[in-house]
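J.: The structure's right below; bear with me while I get my questions together.
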Amino acid sequence: MNALPPAPDPFPAFAAIVVAAGKGLRAGQPLPKQFAQWRGKALVRHCVEALVAAGAAPVVVAIPEGSESLAEDALCGFEQVRFVIGGATRQESVRAALESLSDEAPAYVLIHDAARPVVVPSVLERLLSALDQAPGAIPVLPVVDSLAVDRDGFMDGTANREVLRRVQTPQAFAYADILAAHRNWQGAPHAGDDAQVARMAGLPVTLVAGDEAMYKLTFSEDFVAPLPAVRMGTGYDVHRLADGEDLWLCGVKIEHSQGLVGHSDADVAIHALVDAMLGAVAAGDIGQHFPPSNPQWRGASSGVFLQHACEVVAHAGYVVGNVDVTIICEAPKIGPHRDLMRARLAELMGVDIGCVSVKATTTEGLGFTGRREGIAAQAIATLVKAG
């Protein structure tokens, strides 16, 4: 079930059409872009959810022939949604969807492109309110850049941006009027949008303020989420203490009566730090990158793991902002080694020592660390976008 907010109060009853019948080839996706994943769900689902939340009923989605299973998977759980097979052009797809609404004959209909996943409620309110004065209304944005006419790669005149507007969807219409306009279309093979169909039919179309958030996804790079400025990850690790083992913590060998047991050098602090860094960029954990079952890593220096984590972070487009490591043990005392540990971690990561914190605490004799059976460590890594 979908937990959606209630429809805004002032909206009159309306139906909606979502045009999702294209191939979306420019988007470079392995399937039509309207069914490709964007921010965790199919692109078309974003706008359908918003229209349903605003009170649209029914919502008719025009889809390509043969894509029924894709559409059903993308839009499962919506009782208000139904599908029609679209045509070879956008106009044919809209016409088919409009005709499918003839039994309901809603007073108003919104026509929206699936490639615009964000639908802003305040824009819907402006559109539907505008239909009190005109049979059509469209959201527009000003043109802020200078414009030039391109003729064979050379500038050939300019256009007056003051009278030009960028047109968005959804576009709102009185249902009977836009259906008649589509039925009577006598223009070119296809229209750029439904406002053009309405205008050719002599219908006045009023303009309302759009919203920059309602942008259109067109190219492959549009499907790549912008990197957040900061990412964080946490790590935790435990190793058992035993006689006859070396004790490595934060890349520093410490003289102690016991050492940590592990497939590598068992540096519990670095292992926690590596997990924190990998987690910050959603790159799994240390065991995935360096499986204990692989004999290659037997006795390996954990510094190798940390340098690898730095490479993974860099490949994801980030650098280390700061790290904070806490070692949990009764013995040995960490204080005398803290500065050397910080320096070694900074060297391995290629960062300033001021970006590295190493702390220690005990469990007051409680638990396995209190009984001196092992040492635990936890770490937090903060990454910042490179450049």
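The values are calculated or read from the model by the stated rules, or taken from the named source; none is laboratory data. Model, not experiment: these values are computed from the prediction. So basically every Cβ, Gly included, is an ideal-geometry build from the backbone, and we count neighbours across all protein chains shown. Surface areas here come from the heavy atoms of the whole protein model, side chains and all, with no ligands, DNA or RNA. Shrake-Rupley method; radii C 1.70, N 1.55, O 1.52, S 1.80 Å.
J.: Ordering V94, V384, V230 by how much accessible area each has at a 1.4 Å probe, largest first, what is the list?
T.: So, going from the largest accessible area down, we get V230, V384, V94.
J.: Using the Kirkwood radius over Cα pairs, work out the Stokes-Einstein diffusion coefficient for segment 101-146 at 37 °C and 0.692 mPa s, in µm²/s as a whole number.
T.: For the chosen part, D equals 257 µm²/s.
J.: Continuing with this model, one more query. Which of the three applies to segment 30-88, rounded, prolate or oblate, going by the alpha-carbon gyration tensor with a ≥ b ≥ c and a/c under 1.5 meaning rounded?
T.: Verdict is oblate for segment 30-88.
J.: Below 15 angstrom from the Cβ of A176, what's the summed charge of the other residues (Lys, Arg +1; Asp, Glu -1)?
T.: Local net charge: -3.
J.: Right, here's the next one. So how much accessible area does V143 have, in Å² to the nearest 10, using a 1.4 Å probe?
T.: That residue has around 30 Å² of solvent-accessible surface.
J.: In what order, largest first, do V61, V120 sit by accessible area if the probe radius is 1.4 Å? Don't skip to the end; give the middle numbers.
T.: Details: V61 0, V120 25 Å².
Largest to smallest exposure gives the sequence V120, V61.
J.: Tell me, what ³J(HN,Hα) does each residue in segment 214-224 have, in order and in whole Hz, if you take phi through Karplus 6.51 cos²θ - 1.76 cosθ + 1.60 with θ = phi - 60° and put x for Gly and Pro?
T.: 8, 7, 9, 8, 10, 10, 4, 5, 5, 8, 8
J.: Among E65, E245, E330, E347, what's the order by accessible area (1.4 angstrom probe), most exposed first?
T.: Correct descending sequence by accessible area is E65, E347, E245, E330.
J.: Turning to a different aspect of this structure: So what does L131 come to for accessible area, using a 1.4 Å probe and Å² rounded to 10?
T.: It works out to around 20 Å².
J.: What does segment 240-387 give for Rg and for Dmax, in Å, if only its C-alpha atoms count?
T.: Using the Cα atoms of segment 240-387, the pair Rg, Dmax is 14.8, 47 Å.
J.: With a sphere of radius 14 Å drawn around the Cβ of Q91, what net charge do the other residues whose Cβ falls strictly inside it have (Lys, Arg +1; Asp, Glu -1)?
T.: Residues close to Q91 contribute a combined charge of -1.
J.: Run the simple label-point estimate for R183 and R372 please: 7 Å along Cα→C-beta, distance reported in nm.
T.: So the label points at R183 and R372 sit 9.2 nm apart.
J.: If you don't mind, there's one more thing I want to ask. Leaving out ligands, DNA and RNA but keeping every protein chain, what accessible area does T206 have, in Å² rounded to the nearest 10, with a 1.4 Å probe?
T.: For T206, solvent-accessible area is about 50 Å².
J.: R0 = 51 Å: FRET efficiency of I353 with K216, Cβ-based, nearest 0.05?
T.: 0.60
J.: Determine the relative contact order of the chain: mean sequence separation of Cα pairs under 8 Å and six or more apart, normalised by residue count, in whole percent. Let's see the in-between values first.
T.: Values: 811 pairs, mean separation 53.6, N = 387.
14 percent.
J.: Name the most mobile residue of P106, P336, P135, meaning the one with the largest mean-square fluctuation, in a Gaussian network model of the chain with Cα contacts below 10 Å.
T.: P336
J.: Also: Accessible area per residue of segment 146-203 at 1.4 Å probe, in Å²?
T.: Roughly 63 Å² per residue, with all protein chains present.
J.: OK, next. Report the relative contact order of segment 97-208, percent, no decimals, based on alpha-carbon pairs under 8 angstrom and at least 6 residues apart. Spell out each step's value before the answer.
T.: Working: 159 pairs, mean separation 39.5, N = 112.
Relative contact order, segment 97-208: 35 percent.
J.: Which value in Å is the Kirkwood Rh of segment 25-124 over different Cα pairs? If you can, show how the numbers build up before the last one.
T.: Values: mean 1/r = 0.0711 Å⁻¹.
Computed over segment 25-124, the radius equals 14.1 Å.
J.: To two decimal places, what compactness ratio does segment 85-226 give when its Cα radius of gyration is scaled by 2.2 N^0.38 Å? List each step's numbers first, then the result.
T.: Values: Rg = 16.5 Å, N = 142, 2.2 N^0.38 = 14.5 Å.
The value comes to 1.14.
J.: Could you list which residues have their amide H under 5 Å from that of N322, counting only those 5 or more apart in sequence or on another chain, with H placed in the peptide plane?
T.: Those qualifying (amide H under 5 Å, at least 5 residues apart or on another chain) are T382.
J.: Sticking with this one: Provide the per residue accessible area, probe 1.4 Å, for segment 271-314, rounded to a whole number of square angstrom.
T.: In whole numbers, segment 271-314 has 43 Å² accessible per residue.
J.: Right, another one. Give the long-range amide H neighbours of K359: residues separated by 5 or more places, or on another chain, with amide H under 5 Å away, using H modelled in the peptide plane at 1.01 Å from N.
T.: Correct list: V325, T326, I327.
J.: For the chain, what is the number of Lys pairs with C-alpha distance below 12 angstrom, counting only pairs 8 or more positions apart or on separate chains?
T.: Counting lysine pairs in the chain gives 4.
J.: Could you please tell me the mean projected area of the C-alpha convex hull for segment 290-371, averaged over all directions and given in square nanometres to one decimal?
T.: Approximately 7.1 nm², given one-decimal rounding.
J.: Would you calculate the separation in nanometres between label points at L340 and N294, each defined as 7 Å from the Cα along the Cα-to-beta-carbon direction?
T.: With each label point 7 Å from Cα toward Cβ, the separation is 3.0 nm.
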